[in-house]
Every structure is written in structure tokens, then in C-alpha cells.
Amino acid sequence: MEVFLDILVAVLLILGCLMSLIAGIGLLTFPDMLTRMHAATKPQVLGFLLIFIGLAIHLRSWAVIPVLALAWGMQLLTAPVSAHMIGRSGYRTKHAAKDSLYADELKLVVDKVSSMPATGVIEVPEEEKK
Amino acid sequence: MPTKNMQPRDQRIDDALDTSGVRHRATLKQEWPLLALLIFVWCALWQDFSPANLIFGVIVSLVIVTLFPLPPVVLSGRINIWYCVQIFIWFIGQVFVASYQVARLAIFRGKKTRSGVIAVPLRTDSDLIVTTVGHVLTLIPGSFVIDVDRSSSTLYLHYINIESKQDMERAREAVRDIERRMIMAIGSHGEFDAIKHECGPNLMRMKGKK
């Protein structure tokens, strides 16, 4: 039983590390910044989960499970926010390769907003409220 | 300043446009999920869930929410635990699929990967559902949120692996499906009824099959 659990821990830890490797490969091979954000957010969440499960089994203690669950929950909450902030600012600067996109439905809106006069009050037209 | 007795959607637009710096304070009744979370964080970090530590956690979290007030998170007042469990299990499965998809694209496609930015108007009025749908979207295969239009509940997503109009339509359908699951789990009664109306009487069965 002990040996079996140890093997399980080893497999989980290695799989978790493999996810980080995949994220690294993704960062290198994807063509532009926005696509790279996919590699920077998704595999880690799974990698974290696998490493945490491995740790929980390895330590064989119930007391660490809330801490690990908390850390994973925080990862779930923060990874999308950072991806969103980087993507949002990257889109509005030269870093996003917008020409390589197949379609871009945000461009119209951003152009419209940035061509509006900079005042403190933003008018919301009636047809947009519906 | 207009009176603050408005419909939820107008209230949200008013919040977004409000530059006076005065925020609506949350009441203790609205804030209990945050309090529960803070107590859990406290106890988890001490690795001690004994009554004495719980009481001290309550005191610390009350001090925190009083000193650092947040604007209220408007809950819908309806929650279906069974759908929540279903959506969580489905979500864990999707996290595995997401990593597999990124790995496949990174290794076999690399530089040739095409993607697109799509706009998805959501049905819901609720900030909470827009936020959770955005979070789930970012963690499951294919998409992450670039921008949000709060007044019309529109998400602007970067979608990976988009090469045709059909791909775009499929992506939009997938997002609307996630929103449907979210509304079934935590949406308000009105939105839940609208979803039931849209999907017909076979709501449960459709859910089970997908």
C-alpha cells in the first residue's frame, strides 16, 4: 500500500511538472501575445491541482487539505484576472498582433470609444441600453 | 445625482458611471459569504478549526470588512446545490481538456495557430454571473476574456483555433451554454424561468446528455 501510494505521488508530481513544461513550450511556440496567454493560464491550473493532490497524499495528513484547497482556489480566482488584465492592455498597445486574427469584433467598439471626446461624463445611447 | 431606486441593470450602469467616489456599502446580511470565506482562510492558514480559533477568525474578519469595505455583491437569492456540484465536476473535466488542447496546439501547430476575437452578448443582468462565466471561460478550453461591456453584459473573448465562420458560431454557442449552466446553478428565479422557457421541458435530460 505504501509503495503504491508513493508511486501515485510520483506520477502526480511528474504530471504536474509536465504541465509547467507545456506552458513553457506554448509560450515559445505560439505566434502572438494573446495566444500565448492561453498557454500561460490553462496548464498551470491543472498542474497545481495535480501537485496538490500528490502533496496531500504524500504528507498523509488531513490538516493540510484546507490549505491546499485554499491555494488552488486562489489560483482559480487570480489566473483569469491576470490573463484578462494583460490581454486587455496588450490589445490596446502594439504588442498584440491584431493582423493575424481571423476576426476581430472588439475593434469597432474600441475605435468608437477612443474617437470620442475625453470628458468625465460618458453618454449611454438608448439603443445600447436595451 | 439621480435617486438610487432603480432597476438592477440601470443600477449597474449608474455604478459604472458614478465618478463621485461614493460607493454603496454592503450590509452584513449581504456580506456573510465573504465573512465565511475569510474565517475559512484564517482557520486554514492556522490549520486549526477548533472553536476558539473560529471565534478569533470571526473577530478578525469583522474587523477586516469594517476597515476595508467593498461594494456589495448582489446575490440572486436562489442557489441549486445539485447544479453547482454538476457544474464543478464538469469544470474539473474541462480543465483537463484545456491543458490537453493547449499542449496539442503548442507542440503540433505552434506558429500556425489562428485565433479570433469574438463578442458574445449574454442573457443575464447579474454582475456575479458575468464574472463567474468569465472566470470559467478563461480556465476551460479555447477562450479568455479580453474585455467586458458591463452595461450590455457583453464579453469580448479571445478564442484560440478559429479558422472559419462555423468555428466562431460554435464558440458563441459554447459560451452561451456555460452561461445556461451558471444560471441554472446560481441565477435568479426570473432568469431560470427564461432558460427553462428557452430549452423546453427537456431541460434536465439535455443537461444530462451534454
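Whole-Hz Karplus ³J(HN,Hα) for the range B:132-145, in order, using 6.51 cos²θ - 1.76 cosθ + 1.60 and θ = phi - 60°, x for Gly and Pro?
5, 4, x, 5, 4, 4, 5, 9, 9, x, x, 10, 8, 7
Could you work out, for the range B:81-209, what percent of all Cα-Cα pairs fall into each 5 Å distance bin, beginning at 0 Å and stopping at the bin that holds the largest distance?
Each 5 Å bin holds this share of Cα pairs: 2, 10, 19, 22, 20, 15, 8, 3, 1, 0.
Once the whole set of protein chains is in place, how much accessible area is left on A:I25, using a 1.4 Å probe, in Å² to the nearest 10?
Per-residue accessible area (A:I25): approximately 60 Å².
With the Cα gyration tensor of the range A:12-91 in hand, convert its eigenvalues to equivalent ellipsoid semi-axes via √(5λ) and list them largest first in whole Å.
Here the semi-axes work out to 28, 16, 5 Å.
How many Cβ atoms of partner chains, on average, are near each residue of A:101-114 if near means within 10 Å of its Cβ?
What the average comes to for A:101-114 is 5.
Based on the Cβ-Cβ distance from B:F49 to A:V11, what FRET efficiency comes out when R0 is 25 Å, to the nearest 0.05?
For R0 = 25 Å, the calculated efficiency reads 0.20.
Between B:E173 and B:I92, what is the spin-label point distance in nm, taking each point 7 Å from the Cα along the Cα→C-beta axis?
Result: 2.9 nm between the two label points.
Please report the accessible area of B:K165 (heavy atoms, 1.4 Å probe, ligands and nucleic acids excluded) in Å², nearest 10.
130
Using the Karplus curve 6.51 cos²θ - 1.76 cosθ + 1.60 with θ = phi - 60°, work out ³J(HN,Hα) for each residue of the range A:48-64 in order, rounded to whole Hz, and write x for Gly and Pro.
4, 4, 5, 5, 5, 4, x, 4, 4, 5, 5, 6, 6, 9, 6, 5, 7
Which values of log₁₀ I(q)/I(0), to two decimal places, follow from the Debye formula for the range B:24-88 at q = 0.13, 0.18, 0.22 Å⁻¹ with a uniform point scatterer at every Cα?
Results for the range B:24-88 at q = 0.13, 0.18, 0.22 Å⁻¹ read -0.47, -0.79, -0.94.
For B:D147, list long-range residues whose amide hydrogen, built 1.01 Å from N in the peptide plane, is under 5 Å from its own amide hydrogen.
B:Y156
Convert each backbone phi in the range A:70-83 into a coupling constant with the Karplus relation 6.51 cos²θ - 1.76 cosθ + 1.60 (shift: θ = phi - 60°), then list the ³J(HN,Hα) values in order as whole Hz, x for Gly and Pro.
3J(HN,Hα) across the range A:70-83, in whole Hz: 5, 4, 5, x, 5, 4, 4, 6, 8, 4, x, 5, 5, 4.
The values are calculated or read from the model by the stated rules, or taken from the named source; none is laboratory data. Values in this document were obtained by computation on a predicted structure and should not be read as measured data. Here the Cβ is made from the backbone with ideal geometry for all residues, glycine too, and neighbour counts use every protein chain on show. For the accessible areas, the whole protein counts, side chains as well, though only heavy atoms, and no ligand, DNA or RNA atoms are used. Shrake-Rupley method; radii C 1.70, N 1.55, O 1.52, S 1.80 Å.
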